[in-house]
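**Q** Supplied in structure tokens, the structure appears directly below.
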Amino acid sequence: MAHTRTLDVLIVGAGPVGLSAAAALRRCGVRCRLVDRLPARLPYAKAVGVQPRTLEIWDRMGLARTVLETAVPLRGQLIYVNGREQGRIDLALPPEVPYGFAALPQYETERLLEEYVAGLGTVIERGTELLSFTQDRDGVTARLRTSSGDEEELRARYLVGCDGAHSVVRKGLGLAFEGGAFAEEYMLGDVEADWDLPHGYGVRSSHRADDGSTDDLLVCIPLPGTGRYRMSMLVPPELSAQATGKGPARGDGVGHGLDGDRTPELSHLQAVVDRLAPRPARLSRMRWSSIFRISHRIVDRYADGRVFVAGDAAHIHPPTGAQGMNTGIQDACNLAWKIALVVRGKAGPALLTSYDAERRPVGEEVVGRTVRHATQGIEAGSDDPRTLMLREAQLLVGYRDGPLVGSPYGPLDAPQPGDRAPDCSGLTTPLAAYPLRLLDVLRDRTGHVLLLYAADLADLAGAADAVAAAGGSLSADGGPGTPDRPDTAAGPQTVAVLAREAAPAAPGTLTVPEYRDAAGEFARLYRPDGPTGFVVRPDGQLGARFPLDGTAAALSGYLAALSAPA
């Protein structure tokens, strides 16, 4: 058995979640290996929806433009019942939200992330399977079988399981995975349809029986390409598990995901379209098809010691609203910056306990909401339309009740610690002839960013001095292009924002990057209560909010929270 040197993190599973974890870790200079038991990417458009919040996260990584050039917009959904149009859902968001809803086949998402991670120096080790692992006080010992059939033992400081619904990591930890399963089975197919429905709109067409139950269903999500859709529909009797004698291939009791033993033909999909499509359509060019089963489950904890689970390894649920992959990507990014700070010695190991505390409540909410929407419709619940859209876009995910959140400051209905840091437009600099968004300012900054807002330059200069005096480090940055040679500079990356009415600063007045809130958008969205500071975490959430005259105390308190969360 071969032995290798110790590394920082072993990531098991190279789907969108594992790739996102590797991307976030490598950007921070953390050494990691990414292994996957499959010999190649699967050609299935299983997860197709990309939420606005995911695009914001990818923007900060410098990946959003590539995704935008490949994906197509999702503008809404047309709803039909018994052949009649019952409504239209338009996926409209407030104008300050920088991105809309997008559709991108999962294999394309994986390709883009894989190329990005490779550019950071990490290549997926295909055909490599995790056999077992043990952990102790100092690290994790993992046993792998490589593509050549040889076994290898390695040591890692941490292990992250992103290995899906049938996760070996989750089973190795002995985590409970409680929940249930839907009795229905679904067909999935990637096809082209020659109808003339509005571009960018999905279709949900159902047949409702006399007792009010839904006994036939067709859901179509647009994909890149002319007339191309990922379609899902109920399995016909001749393809059911009962008729074929074929059920889930796994013996772990988790009936979730694709079933490769039963492959619907184009004629099976065409029959459903003939019954339920709002307009006559001929299907063609089927790229793939499969049977899909749905369960809803969540683990009792996201971590045990030095081992973590994320994505489908931690939570599975109906695909309603395209929440699963996006929730998993946010799991990965939440965990990665914390591991990076601990690995770099800039935060205490107790910081890692905040991963479960912050992300498991999110997983529980998503599982409950998607089950409710799958059984009652997306309109179920008391949310007003605006809140519904923001929630589906994952822009309302927050950690106000988490262990890293300090005291609120300013209006309670303004962005507070734990909330998403809103984007805004209209920031200017003396040298740029065009306005910038806040995302432009945050892009490619891997650590925490401290935003200092004031109208008086003296307040900004004093707060910048207080940042230096506070000491410590809120950055996990290993330095661009040098992931194994970390930058030793301490302190958060600080940016000053001048109020709209402030006089322009003379060149060299401030020793930190300076932007002016020329459109007043920053003030409108952040609602600062006088001179105010904001700490933006690497995952785009607010870490702290405080008056500038209390900058030193606020930063010291936040650093203490990172070292030992309650």
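The values are calculated or read from the model by the stated rules, or taken from the named source; none is laboratory data. Please read all numbers here as calculations on a predicted model, not as lab measurements. Counting neighbours? That spans all protein chains shown, and the Cβs are built from the backbone with ideal geometry, glycine included. Surface areas here come from the heavy atoms of the whole protein model, side chains and all, with no ligands, DNA or RNA. Shrake-Rupley method; radii C 1.70, N 1.55, O 1.52, S 1.80 Å.
**Q** Under 18 Å from Val307 (Cβ atoms), more than 16 Å from the chain's Cα centre (by Cα) and at pLDDT 95 or above: is that true of Val35 in this structure?
**A** yes
**Q** Only one residue in Arg359, Arg344 is at pLDDT 90 or above, basic (Lys, Arg) and either closer than 30 Å to Gly530 by Cβ or open to solvent by 60 Å² or more (accessible area, probe 1.4 Å) (or both). Which one?
**A** Answer to the check: Arg344.
**Q** Determine whether Leu439 is part of a helix (DSSP H, G or I) and surrounded by 15 or more Cβ atoms within 10 Å (Cβ to Cβ).
**A** Values: part of a helix (DSSP H, G or I): yes; surrounded by 15 or more Cβ atoms within 10 Å (Cβ to Cβ): yes.
In short, yes.
**Q** Quick test for you: out of Arg282, Arg250, pick the one residue that is open to solvent by 80 Å² or more (accessible area, probe 1.4 Å) and at pLDDT below 80.
**A** Arg250
**Q** Still on this structure: Restricting the first residue to the stretch 266-289 and requiring it to be closer than 20 Å to Leu78 by Cα and without any contact (Cβ under 8 Å) to a residue 40 or more places away in the chain, which pairs with a second residue that is open to solvent by less than 20 Å² (accessible area, probe 1.4 Å) and not in a helix (DSSP H, G or I) meet a Cβ separation below 6 Å and a spacing of at least six or different chains?
**A** Correct list of pairs: Gln270/Leu283.
**Q** Still on this structure: Among all residue pairs at least 6 apart or on different chains, which show Cβ distances below 7 Å where the first residue, located in the stretch 350-365, is within 15 Å of Trp337 (Cβ to Cβ) and β-branched (Val, Ile, Thr) and the second is surrounded by 16 or more Cβ atoms within 10 Å (Cβ to Cβ) and modelled with pLDDT of 95 or more?
**A** Filtered contacts from the stretch 350-365: no entries.
**Q** Taking only pairs six or more apart or across chains, which ones have beta-carbon atoms under 8 Å, a first residue in the stretch 85-105 that is more than 22 Å from Gly540 (Cβ to Cβ) and open to solvent by 40 Å² or more (accessible area, probe 1.4 Å), and a second residue that is part of a strand (DSSP E or B) and not aromatic (Phe, Trp, Tyr)?
**A** These pairs meet every condition: Glu85/Leu78; Glu85/Ile79; Gln86/Ile79; Arg88/Gly76; Arg88/Gln77; Arg88/Leu78; Arg88/Ile79; Asp90/Gly76.
**Q** Against the condition modelled with pLDDT under 95 and either over 26 Å from Leu188 (Cβ atoms) or assigned to a loop (DSSP other than H, G, I, E, B) (or both), how does Leu42 come out, does it pass?
**A** Values: modelled with pLDDT under 95: yes; either over 26 Å from Leu188 (Cβ atoms) or assigned to a loop (DSSP other than H, G, I, E, B) (or both): yes.
Judged against the criteria, Leu42 is a match.
**Q** Quick test for you: out of Leu112, Leu131, Leu78, Leu144, pick the one residue that is open to solvent by less than 60 Å² (accessible area, probe 1.4 Å), farther than 22 Å from Pro39 by Cβ and in contact (Cβ under 8 Å) with a residue 12 or more places away in the chain.
**A** Exactly one of Leu112, Leu131, Leu78, Leu144 is open to solvent by less than 60 Å² (accessible area, probe 1.4 Å), farther than 22 Å from Pro39 by Cβ and in contact (Cβ under 8 Å) with a residue 12 or more places away in the chain, namely Leu78.
**Q** Continuing with this model, one more query. Please determine whether any residue of the stretch 458-475 is touching a His at 6+ places or on another chain (Cβ under 6 Å), surrounded by 18 or more Cβ atoms within 10 Å (Cβ to Cβ) and touching a residue at least 12 places away in the same chain (Cβ under 8 Å). Break it down stepwise before answering.
**A** First, pick out the residues of the stretch 458-475 that are touching a His at 6+ places or on another chain (Cβ under 6 Å): 474.
Next, from what is left, pick out any that are surrounded by 18 or more Cβ atoms within 10 Å (Cβ to Cβ): 474.
With the extra rule that they be touching a residue at least 12 places away in the same chain (Cβ under 8 Å), the set shrinks to 474.
Yes: one or more hits.
**Q** Please indicate, with yes or no, whether at least one residue in the stretch 186-208 is assigned to a strand (DSSP E or B), among the charged types (D, E, K, R) and open to solvent by less than 20 Å² (accessible area, probe 1.4 Å).
**A** yes
**Q** I've got another one for you. Tell me which residues, restricted to the stretch 404-417, are closer than 19 Å to Leu351 by Cβ and open to solvent by 30 Å² or more (accessible area, probe 1.4 Å).
**A** Val405, Gly406
**Q** Determine the pairs where a residue that is over 18 Å from Leu555 (Cβ atoms), located within the stretch 521-534, has a partner that is of a type in the set (D, E, K, R) with Cβ atoms under 6 Å apart, the partner being 6 or more residues away or on another chain.
**A** Ala523/Asp517
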